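Undergrad: Encoded as structure tokens, here's the structure I'll be asking about.
The values are calculated or read from the model by the stated rules, or taken from the named source; none is laboratory data. These numbers come from a predicted model, not from an experiment. Methodologically, a virtual Cβ is constructed for each residue, glycine included, from the backbone with ideal geometry; neighbour enumeration extends over all protein chains shown. The protein model used for the area step is the full one, side chains on, heavy atoms only, and it has no ligands, DNA or RNA in it. Shrake-Rupley method; radii C 1.70, N 1.55, O 1.52, S 1.80 Å.
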Amino acid sequence: MTPATEKVDVLICGSGSAGLCAAVWLARFGISYKILERRDGPLKIGQADGVQTRTVEIFDSFGIAEDLLKEAYHVLEVAFWAPDPDAEAGVQGIRRTKYAADKETEISHQPHVILNQARLNALMMGELGAAPPVEYECEVKGVEVDEAAAKDADAYAVRVTAAKGGKDMIYQAKYVLGCDGAHSVIRRSLGFKMVGDSTDSVWGVMDIYPRTNFPDIRKKCVINSAAGSILIVPREGDSMVRFYTELPEGTKVSDVSLESLQSHARKVFSPYTMDFAETFWWSAYAIGQRRADFFHRDFRVFLTGDACHTHSPKAGQGMNVSLQDGHNIGWKLGMVLKGLARPELMESYVLERERTATELIEFDRGFTKLFNSKYREENGITPQNVAEQFVKAGRYTAGQAVRYDESAVTTIGEHDKEVASRVTVGMRFPSAQLVRFCDAKAMHLVKGLPADGQWYVVVFSGDLAQPEVASRLKEISQSLEQTARRFTPAGDYPDSVIDRVLVIASDRTKVEQEEIPEFFTPVTGKWGMKSITKVFADDESYNSGHGHAYEAYGVDPQRGALVVVRPDHYVAKVAALSEVDSIRQFFDGFLVPTSQS
């Protein structure tokens, strides 16, 4: 019997964090896609739970952070515990040595939170429409790429074989995403290997309902005791807690039982009592760090998430980095398949996320050693050293240390820091409070940059009360208008490909709407209304103080600045106002000019 064949622009193999985040983008771009999932339905219990500030920012940009923040446990403080030197001879004990903020305010305006991965997936699934195109109980068998056809951008050059209910199925796709986890069928079918190492260090993890007199049970804790180490992560709901427990040297994963795991945890907490009212879930694992030797085949099949990088869960990176893989590739696929960008754009996914994975593996290799009792003893690492290194790693563990190299969509200039000293090309665009001009609402600038697939040109004009500034802005807006029109398909909204945001350094009450160039107030949307929500003032608000945004971005109000922000909110380019023509040259590097140009 001939297998049923189906054509789709993008086939996503796996409905984990990476696949769903990519799907959110594809749905917003209106791209044809399908997700194949071997499970019988949506994830019910996820093993991951830590949600970095960067991931919260992503959810906020998609407009789905409200429920996440409402339901999650908010991590505000870390308590560090170490062996008690004053304990009686022959008695093991621990004492608190330090409190620290979990996140420095300047790292992000969003918090670090804890919420089960299944709930995060459900929030993303909710963005895929009333009937998400997910084929459950469908097992992927293999993938093939027609190398000759792959050179034709319009060809369905990838063939995926799958099976469901005893029936074989064939999918032909333009692009395939391997989001199918650490045991990826897609990766094995391509002949790619996971390169790296594993250690003899074995850890147990359990979600439990504790009965205890330990005082910091509802705080994130790093406990180093003579019996071993435990990382405490409180869970959402005020009752459940997760323990990551270092097990004695020589322990084998196959020998670990729930009873032995809980017994060892009690020793670490001594002299505090620790009983377990109920265990919701538990597991044991050996620490290892591995990365795929290749991330793509002919830039038509791409690996994401655990399919291309695996590591320990200590720093809460796994789900977050996987989701951010999907976040990186989704908008690029959307732009290419909509005919807005050239196919070469897909090369930047490999350039950017391969390096991110490599850096993750190196970070995890060092970070996990802080929790290894034998390593600490052999290298003279004190509890104070552990606390210091834990705090120092805060920007990385928050997901805010990613910095992309130069590419078609990231242009690093020699004088960038002279224009905007606190904005870094290749890193995520920071946020600062401003006052929206049209309604006096105090808000973070990134709230004015929703993730709907468009690029943003943020113009820091200076003070419009100065005639020369107003005249300069008029000239700049005319150039940017021509640039935006050049890449916007006929009939599309004028801000659908290149959007615009104006930040003025003025007393907003002394500026009238008609002084704002029309480029920043386009007639757009299904009702054909003038949009007046794209203009912000760096000014005092009524109830939230002054954001001092120009200072926060390192922009001189007398000189101003241009900042190009990618759809995923990474900074693509910084330019002086006098270099406005370079903006068109930048977009010429990867966008497709339209008939309007």
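Undergrad: When the chain is fully extended, how far beyond the present Cα-Cα distance does Asp581 get from Arg218, taking 0.36 nm per residue of separation?
TA: Stretched out fully, the Asp581 to Arg218 stretch lengthens by 125.2 nm.
Undergrad: Considering only DSSP beta bridges whose two residues both sit in region 8-159, what percent are antiparallel, to the nearest 5?
TA: Antiparallel bridges make up about 70 percent of those DSSP assigns within region 8-159.
Undergrad: Could you sort Glu127, Glu551 by accessible area so the largest value comes first, with the probe set to 1.4 Å?
TA: The ranking, largest first, comes out as Glu551, Glu127.
Undergrad: Still on this structure: In region 138-206, with Lys and Arg counted as +1 and Asp and Glu as -1 at Cβ, which of these residues, Met169, Ala150, Gly204, has the Cα nearest the positive end of the dipole, that is, farthest along it?
TA: Highest projection toward the positive end goes to Met169.
Undergrad: So how much accessible area does Ile107 have, in Å² to the nearest 10, using a 1.4 Å probe?
TA: 10 Å²
Undergrad: Here is a follow-up. With every protein chain kept in place and ligands, DNA and RNA left out, what is the accessible area per residue of region 394-525? Probe 1.4 Å, answer in Å².
TA: 41 Å²
Undergrad: Something else about it: Calculate one ³J(HN,Hα) per residue across region 524-537 by plugging θ = phi - 60° into the Karplus curve 6.51 cos²θ - 1.76 cosθ + 1.60, and present them in order as whole Hz with x for glycine and proline.
TA: 7, x, 5, 9, x, 9, 6, 8, 10, 9, 9, 10, 10, 10
Undergrad: Let me ask something additional. Quick check for region 106-200: number of Lys pairs with alpha-carbon distance under 24 Å, counting only pairs 8 or more apart or on different chains?
TA: Value for region 106-200: 7.
Undergrad: If you don't mind, there's one more thing I want to ask. Check cross-link reach from Lys338 to the aspartates and glutamates: straight Cα distance under 15 Å, and skip same-chain residues fewer than eight apart.
TA: Cα-Cα hits under 15 Å: Asp9, Asp154, Asp452, Asp492.
Undergrad: Report the gain in length on full extension from Lys510 to Ala130: 0.36 nm times residue separation, minus Cα-Cα distance, nm rounded to one decimal.
TA: Gain on stretching Lys510 to Ala130: 132.1 nm.
Undergrad: Kindly express, to the nearest 10 degrees and within the range 0 to 90, the angle between helix 347-369's C-alpha long axis and the longest C-alpha principal axis of the chain.
TA: 30 degrees
Undergrad: So how far, in whole Å, is the C-alpha centre of region 559-597 from the one of region 253-273?
TA: 57 Å
Undergrad: In the chain, what percentage of the DSSP-assigned beta bridges are antiparallel, given to the nearest 5?
TA: Close to 70 percent.
Undergrad: With n ≥ 4 as the cut-off for DSSP H runs, can you work out [θ] at 222 nm for the chain, using -39500 (n - 2.57) per run divided by the number of residues, rounded to the nearest 500?
TA: Roughly -8000 deg cm²/dmol at 222 nm, from the helical runs in the chain.
Undergrad: Moving on. Measuring from centroid to centroid over Cα atoms, what is the spacing of region 108-134 and region 463-527 in Å?
TA: Centre-to-centre distance over Cα atoms comes out at 34 Å.
Undergrad: Further question on the same structure: For Met427, tell me the accessible area in Å² from a 1.4 Å probe, rounded to the nearest 10.
TA: Per-residue accessible area (Met427): approximately 40 Å².
Undergrad: Taking the Cβ of Lys193 as the center, what net charge do the other residues with Cβ under 15 Å away carry, scoring Lys and Arg +1 and Asp and Glu -1?
TA: Summing Lys and Arg as +1 and Asp and Glu as -1 gives +1.
Undergrad: Please work out how much accessible surface Tyr244 shows to a 1.4 Å probe, ignoring ligands, DNA and RNA, in Å² rounded to 10.
TA: 20 Å²
Undergrad: Let me ask something else about it. Give, as a single signed number, the net charge of other residues whose beta carbon lies under 12 Å from the beta carbon of Glu515, with Lys and Arg counted +1 and Asp and Glu -1.
TA: Computed value for this residue: -1.
Undergrad: Using a 1.4 angstrom probe on the protein heavy atoms only, could you order Ser582, Ser471 from most to least accessible area?
TA: Descending order: Ser471, Ser582.
Undergrad: Right, something else. Run the reach check for Lys441 against aspartates and glutamates, Cα to Cα strictly under 17 Å, same-chain hits fewer than 8 apart removed. What comes back?
TA: Within reach: Asp507, Glu512, Asp538, Asp539, Glu540.
Undergrad: Count the lysine pairs in region 1-105 that are 8 or more places apart or on different chains: how many have C-alpha atoms under 22 angstrom apart?
TA: Taking region 1-105 as the scope, the lysine pair count is 4.
Undergrad: Net charge around Pro383, counting only other residues with Cβ within less than 13 Å of its Cβ (Lys, Arg = +1; Asp, Glu = -1)?
TA: Value of the local net charge: +1.
Undergrad: Taking the Cα centre of the chain as origin, sum charge times position over the Cβ atoms of Lys and Arg (+1) and Asp and Glu (-1), and report the length of that vector in debye to the nearest 20.
TA: 820 debye
Undergrad: A further question on this structure: Would you mind calculating the gained length between Val253 and Thr382 on full extension (0.36 nm times residue separation, minus the Cα-Cα distance), in nm to one decimal?
TA: Additional length available on full extension: 43.6 nm.
Undergrad: Among [x] 173, 129, 55; [y] 79, 69, 42; [z] 75, 62, 48, which is the computed Cα extents along the principal axes in Å?
TA: [y]
Undergrad: Ordering Glu514, Glu137 by how much accessible area each has at a 1.4 Å probe, largest first, what is the list?
TA: From most exposed to least exposed: Glu514, Glu137.
Undergrad: Continuing with the same structure: Using a Cα-Cα cut-off of under 19 Å, which lysines could be cross-linked to Lys573, ignoring same-chain neighbours fewer than 8 residues away?
TA: Lys332, Lys417
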